[in-house]
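> Structure incoming, see below.
The values are calculated or read from the model by the stated rules, or taken from the named source; none is laboratory data. Owing to the predicted nature of the structure, the values given are computational and were not obtained by experimental measurement. Cβ placement follows ideal geometry from the backbone for every residue including glycine, while neighbour counts extend to all protein chains displayed.
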Amino acid sequence: MTELRAIIIEDEEASRETLTNYLNKYCPNVQIVAQAENINKGKADIIEHNPNLVFLDVEMPYGNGFDLLEQLDSIDFELIFVTAYSNYALKALNMSASYYLLKPIDIEELIAAVEKVTANIENIEQLRSAQILKTNLQVEEHRLKRIVLPEMEGFEVAQLKDIVYCKANDNLTDFVFTDGRKKTICKTLKHFDEVLSESGFFRIHKSYLLNMEHVKGYVRGKGGYAQLSNGDELEIAVRRKQDFLNQFVG
């Protein structure tokens, strides 16, 4: 589950402690990175910590929660309003809050709010990855130059030239890089075969997808072995042998 970096902005110390205790006990994916007792400190904490979730009390000294939002250049985090006044609910919803909670906070409502926020953030990350893949990846001679690799807390944009090969790992895929790094991605090798087959990668075996730029030699055998730039030798399936050798003809 996606980790949420949260800030609590609430003027009452007892309310902050109660919410903190509830989150620690019932919402383990929420990490509280800061607490603020007024909107001035809240604004400073948001700028410093860049949270993806803010619990925001409405009524506070020196300005209410809506005043704080108006002072921010952008709102790139999820919002859960916390208030003792139900008449703020409609305004909270109109401000595109992920949720609003009435005091005293109901634990089941809190859990539901956090689950909704988590789903929202995961959807945003998926869309962001898809958009980067669609619009920001450079293409040269109809070949991708980079690929987005999703991670638990975001994604890595990897240069294809830095990938030596990919290896099947059940329903996951292990990427082996030129610098010796290995990264496990939660997608099948079949998926990456489809994505990379027109960008210089070749499936030599049910378990291996090679970057042909890193093939340095071939060892004869029933299927043979591909020698790679990092020193690895990988088995070639008999049925893929001729197709592999054909990559070096012409």
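> Looking only at region 23-51, how many residues end up being more than 27 Å from the chain's Cα centre (by Cα), crowded, with 19+ Cβ neighbours inside 10 Å and not in a helix (DSSP H, G or I)?
Of the residues in region 23-51, 1 are more than 27 Å from the chain's Cα centre (by Cα), crowded, with 19+ Cβ neighbours inside 10 Å and not in a helix (DSSP H, G or I).
> Can you find a residue in region 185-197 that is under 29 Å from Glu3 (Cα atoms) and free of Cβ contacts under 8 Å to residues at least 12 places away in the same chain?
Yes, region 185-197 has at least one match.
> Hey, another quick one. Just to be sure, is Lys190 modelled with pLDDT of 95 or more and either among the basic types (Lys, Arg) or more than 30 Å from Asn29 (Cα to Cα) (or both)?
no
> Ok, one more. Could you say which residue among Gly223, Gly200 is over 23 Å from the mean Cα position of the chain (by Cα), more than 30 Å from Phe155 (Cα to Cα) and at pLDDT below 95?
Gly223
> Starting from region 61-76, take each residue that is closer than 17 Å to Ile8 by Cβ and in the same structural domain as Gly42 (by TED's automatic domain parsing) and list its partners that are in a loop (DSSP other than H, G, I, E, B) and β-branched (Val, Ile, Thr), counting only C-beta distances under 6 angstrom and pairs at least six apart or across chains.
Pairs found: Asn64/Val58; Gly65/Val58.
> Checking Glu198 against (1) surrounded by 13 or more Cβ atoms within 10 Å (Cβ to Cβ); (2) under 18 Å from Lys161 (Cβ atoms); (3) out of contact with any Ser or Thr (no Cβ under 7 Å at 6 or more places or on another chain); (4) not hydroxyl-bearing (Ser, Thr, Tyr), only one condition comes out false. Which one?
Glu198 satisfies every listed condition except (1).
> From Ser86, Ser98, which residue is at pLDDT below 70 and in contact with an Asp or Glu (Cβ under 7 Å, 6 or more places away or on another chain)?
Ser98
> How about region 206-215: which of its residues are farther than 15 Å from Asp162 by Cα and either in contact with a strand residue (DSSP E or B) (Cβ under 6 Å, 6 or more places away or on another chain) or outside the structural domain of Tyr165 (by TED's automatic domain parsing) (or both)? Outline the logic, then answer.
We begin by selecting, within region 206-215, every residue farther than 15 Å from Asp162 by Cα; these are 206-208.
Across region 206-215, the qualifying residues are Ser207, Tyr208.
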